[in-house]
Amino acid sequence: MKHLAEYRDADTARRLAAEIRRVATRPWALMEVCGGQTHSIIRNGVDQLLPPEVELIHGPGCPVCVTPLETIDRALGIAATPGVIFCSFGDMLRVPGSRDNLLAVKARGADVRVVYSPLDAVTLARTHSDREVVFLAIGFETTAPANAMAVKLARQQGLANFSLLVSHVLVPPAIEAIMRSPGNRVNAFLAAGHVCSVMGTWQYPPLAARFRVPIVVTGFEPLDLLEGIRRAVVQLEAGRHDVENAYARVVTELGNEAAQRVIAEVFAPVDRAWRGIGVIPASGWRLADAYRDFDAELRFAVGDVTAVESPLCRSGDVLKGTLKPNQCPAFGRECTPRTPLGATMVSSEGACAAYYHAGRRVEPATAGATHASS
Amino acid sequence: MPRPDPPDVSRFTCPAPLADDPHIVLGHGGGGTLSRELIEHVFLPAFTNPLLAGLGDSTVVDLAADLAGGGRLVLSTDSYVVRPLFFPGGSIGDLAVNGTVNDLAMSGGRPRYLTAGFIVEEGLPIGTLAEVAARMGRAAAAAGVMIVTGDTKVVERGHGDGVYINTAGVGIVPPGITIGPEAVRPGDVVLASGTVGDHGMAIMSVREGLSFEAEIASDTAPLHGLVAAMLAACPAIRLLRDPTRGGVATSLGEIAAATGLGIEIDERAVPIRPAVAAACEILGLDPLQVANEGKLLAVVPGGAAAAILAAMRGHEHGRDAVAIGRVVDGHPRRVVMRTRIGATRIVPMPLGEQLPRIC
């Protein structure tokens with residue numbers, strides 16, 4: 001924790017914020033890609049330290065939020081199947097499907113369990129050989145290596161009762177989709193540090209060059225975020241559009257090559273629907289053909305489940321960065337963490353939930369003008 | 001030659017074996033011979049006291065001396081469901097005593113008597129129940145309260161988590177003590193009696209099989225002694241809360257709602273053990289929303305804060321006491337936290353159970 005305290009120092013934060021104020025002369029919109037970054041920004045109030053020129057737009061990088069409704073409904077269908085032990089990370093349990101969520105299915109008797117690692121689900125499959133054990137494998141590139149390892153391990157151990165419901169999504173195609181979208185306002189990206197710790201930074205220079213957009217790999221602590229913002233603003237003011245690594249204590253150019261090899265073996269690219277946004281070409285991973293026997297969608301014949309979103313929910317606009325959560329007409333009215341219409345209000349990393357929990361329904365009375373929430 | 005010390009018979013347990021099975025069966029809750037045996041072999045040895053020994057349907061206690069001069073009765077009840085039954089730093093037995101003792105203490109009460117109701121799951125080893133009862137007995141003795149009447153029911157296997165316990169408590173509020181939200185004023189100071197989040201993270205680390213470098217132990221403890229020391233330093237304490245389920249965030253939110261005033265706290269002032277902070281970081285939990293079982297929050301007049309803090313620090317359960325914030329008339333009914341980097345955010349009350357995050 002000493003290590004963390006270094007990146008939360010108030011004096012350094014003030015110095016970095018002053019530097020950003022000094023450098024910024026024109027309005028700039030920066031998108032932090034990752035939901036973990038959004039959470040840290042709101043929780044620590046990083047945006048309150050920024051000058052009015054610098055606006056933060058919250059990106060689509062919450063895996064819980066962008067998991068399509070169909071996948072949730074398939075998960076609910078599989079979880080309710082007798083004999084199934086359905087394993088998931090904790091924050092998927094409250095995400096609403098068309099009618100229900102996993103907590104409700106659990107309350108009606110389904111065996112739904114929170115695990116901290118897909119490897120825990122493999123262990124469950126080994127110790128419950130008479131049950132089907134299914135793991136809900138969602139997430140960006142960050143969670144993919146462990147999910148891939150779980151499948152490899154299950155095959156090594158000959159576990160025929162283990163499968164994955166896969167809905168992996170990828171950052172670079174999302175950046176491309178945002179830059180191509182008609183209403184795009186993003187001038188620079190804070191790339192997700194944890195994704196880059198796995199994948200490296202080598203995927204980003206072509207994107208930065210093609211869209212002439214600075215991409216700064218950024219961490220999650222307040223000082224990491226301020227430093228990432230500072231570097232992005234410096235680039236914008238200088239008219240540069242480079243890939244910079246502001247999270248070098250974790251991220252290298254090549255990334256974790258062993259993890260990338262396992263991913264390449266177990267997963268294959270696929271067009272993926274993003275909740276609220278739509279299908280983005282080659283923006284996800286499915287199980288590779290050699291591992292299709294571990295695919296829960298095939299095993300449980302839920303591939304044709306379709307679903308309809310609430311017409312009130314505008315989480316797609318929030319995820320694309322064209323709408324602030326508290327600008328949505330349903331925010332805090334029809335849609336609250338207790339009655340979420342979309343996943344962005346459910347996940348602790350979701351932008352709507354982050355705004356709601358930080359009380360951004362109203363201006364913090366003791367804070368100064370916080371343009372990002374106005 | 002010196003005479004040997006007289007034998008200590010207070011912990012005597014009857015060595016005669018219980019009939020048949022060393023596990024709880026439905027008959028143990030049936031009121032017949034098995035029930036009687038369970039009381040005599042498990043509960044009486046653990047809760048030894050003259051009032052219980054009568055084994056009537058109820059127990060008569062004499063509070064005339066306590067109530068003379070304007071003392072008032074304070075009553076509370078709470079039910080305890082926790083898995084696992086034993087965890088680092090405590091057990092369901094400790095919680096069942098200390099939890100109700102603390103509820104009484106938050107009104108300024110001196111706890112006197114407890115009742116205990118057990119709902120036991122068929123198949124629980126009797127040894128486990130005896131250990132739970134023994135822990136309750138020790139906690140009661142440490143807190144200076146008597147468990148004076150009780151009840152046991154047995155439910156079918158699969159219908160309970162081993163054992164659920166309900167305790168109700170009776171205490172005495174001394175004359176002249178009025179603790180309640182109506183007394184709170186802007187300018188009052190908010191004190192915390194020590195580190196937050198210990199109990200919840202201790203439970204989570206054993207329940208989920210997570211091991212951290214340093215073991216995290218529950219803080220379960222009776223707080224009425226601490227409260228008495230605080231009241232001795234300043235009888236005008238405004239409000240006391242023990243931040244159990246929902247943690248400090250919930251208690252502060254309730255205080256703000258009950259008083260109609262705002263509360264401002266400083267993130268850097270809130271004491272959190274490094275191991276608890278690290279575990280919360282790993283699991284994506286907010287330590288302010290994690291349960292405590294041996295801590296209190298106090299709202300006190302600004303002018304008396306230093307004296308009360310000194311009294312708290314002189315007590316074994318208040319050594320790490322600090323001021324964490326103050327009551328303000330801005331932002332009514334809201335709790336606002338000044339963050340580590342000098343910004344502000346509103347502290348929300350948690351919706352329900354906290355769920356660990358994906359990454």
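At a Cα cut-off below 13 Å, give the aspartates and glutamates reachable from A:Lys324, other chains included and same-chain residues fewer than 8 away excluded.
The qualifying aspartates and glutamates are A:Glu55.
Express as a percent, rounded to the nearest 5, the fraction of DSSP beta bridges in the stretch B:26-173 (both residues included) that run antiparallel.
Rounded to the nearest five, the antiparallel share is 70 percent.
In square nanometres and to one decimal, what's the mean projected area of the convex hull around the Cα atoms of the stretch B:26-173?
8.6
If the viscosity is 1.567 mPa s and the temperature 4 °C, what translational diffusion coefficient in µm²/s does Stokes-Einstein give for the stretch A:315-359 when Rh comes from Kirkwood over Cα pairs?
Answer from the Stokes-Einstein relation: 130 µm²/s.
To the nearest 10 degrees, how steep is helix B:92-105 against the longest Cα principal axis of chain B, on a 0 to 90 scale?
That works out to roughly 50 degrees.
Rounded to whole Å and sorted largest first, list the principal axis extents of the Cα atoms in the stretch A:227-304.
54, 33, 16
Would you please report the Å³ per residue occupied by the convex hull of the alpha carbon atoms in the stretch B:172-225?
153
For the stretch B:34-94, compute Rg over Rh where Rg is the Cα radius of gyration and Rh is the Kirkwood radius from the inverse mean 1/r over Cα pairs.
My calculation of the ratio gives 1.07.
Quick one: Karplus J couplings for the stretch B:262-272, per residue in order, coefficients 6.51, -1.76, 1.60, θ = phi - 60°, nearest Hz, x for Gly and Pro?
Values, residue by residue: x, 10, 10, 10, 10, 3, 6, 8, 6, x, 9 Hz.
In chain A, which cysteines lack any other cysteine Cβ under 4.7 Å from their own?
By the Cβ distance rule, which asks for a partner under 4.7 Å, the isolated cysteines are A:Cys34, A:Cys87, A:Cys196, A:Cys313, A:Cys328, A:Cys335, A:Cys352.
Label the stretch A:15-67 by shape, choosing from rounded, prolate and oblate, from the square roots a ≥ b ≥ c of the eigenvalues of the Cα gyration tensor; if a/c is under 1.5 it is rounded, and otherwise prolate applies when a/b is larger than b/c, oblate when it is not.
In terms of gyration-tensor shape, prolate.
Provide, for q = 0.09, 0.13 Å⁻¹, the log10 of I(q)/I(0) from a solvent-free Debye sum over equal Cα point scatterers in the stretch B:181-346.
-0.28, -0.59
Per 10 Å bin from zero, what fraction in whole % of the C-alpha pairs of the stretch B:258-300 is there, up to the bin with the longest pair?
In whole percents, the pair-distance histogram is 20, 49, 26, 5.
Between 0 and 90 degrees, rounded to the nearest ten: what's the tilt of helix B:247-259 against the longest Cα principal axis of chain B?
Around 70 degrees separate the two axes.
If a/c stays under 1.5 just call it rounded; otherwise compare a/b with b/c (prolate if a/b is bigger, oblate if not). Do that for the stretch A:1-110, with a ≥ b ≥ c from the square roots of the Cα gyration tensor eigenvalues.
Judged from the Cα gyration tensor, the stretch A:1-110 comes out prolate (a/c at least 1.5, a/b above b/c).
If R0 is 41 Å, what FRET efficiency do you get for A:Leu312 and B:Glu40 from their C-beta distance, rounded to 0.05?
0.05
Compute the acute angle (0 to 90°) between the alpha-carbon long axis of helix B:198-207 and the principal axis of greatest extent of the alpha-carbon atoms of chain B; round to the nearest 10°.
Helix B:198-207 and the main axis of chain B meet at about 50 degrees.
What is the mean projected area of the alpha carbon convex hull for the stretch A:182-252, to one decimal in square nanometres?
4.8
If each Cα of chain B is one equal point scatterer, what is log10 of I(q)/I(0) from the Debye formula at q = 0.07, 0.08, 0.11 Å⁻¹?
For chain B, the Cα-only Debye profile gives -0.34, -0.44, -0.80.
Give me the percent of DSSP beta bridges within chain A that run antiparallel, rounded to the nearest 5.
20
Output the direction-averaged projected area (hull surface divided by four) of the convex hull of the alpha-carbon atoms of the stretch A:125-259, in nm².
Average of the hull's projected areas for the stretch A:125-259 equals 10.2 nm².
Normalise the Debye intensity by I(0) for the protein assembly as shown, one equal point scatterer per Cα, no solvent, then take log10 at q = 0.05, 0.10 Å⁻¹ and round to two decimals.
For the protein assembly as shown at q = 0.05, 0.10 Å⁻¹, log10 I(q)/I(0) is -0.30, -1.07.
Could you name the aspartates and glutamates whose alpha carbon sits less than 20 Å from that of A:Lys152, not counting residues in the same chain fewer than 8 places away?
In chain and number order, the partners are A:Asp120, A:Glu132, A:Glu141, A:Glu257, A:Glu265, A:Asp289, A:Asp293, A:Asp295, A:Glu297.
Determine the equivalent ellipsoid of chain A by diagonalising the alpha-carbon gyration tensor, then write out the semi-axes as square roots of 5 times the eigenvalues, largest first, rounded to whole Å.
35, 23, 18
Pop out the Kirkwood hydrodynamic radius of the stretch B:101-170 from its pairwise C-alpha distances, inverse of mean 1/r, in Å to one decimal.
In the stretch B:101-170 this quantity evaluates to 13.0 Å.
We did not get these values from a lab; they are worked out from the coordinates using the rules stated. What you see is a predicted model; the values in this text were computed from it and never measured. Positions of Cβ are backbone-derived with ideal geometry, glycine not excepted, and every protein chain shown enters the neighbour counts.
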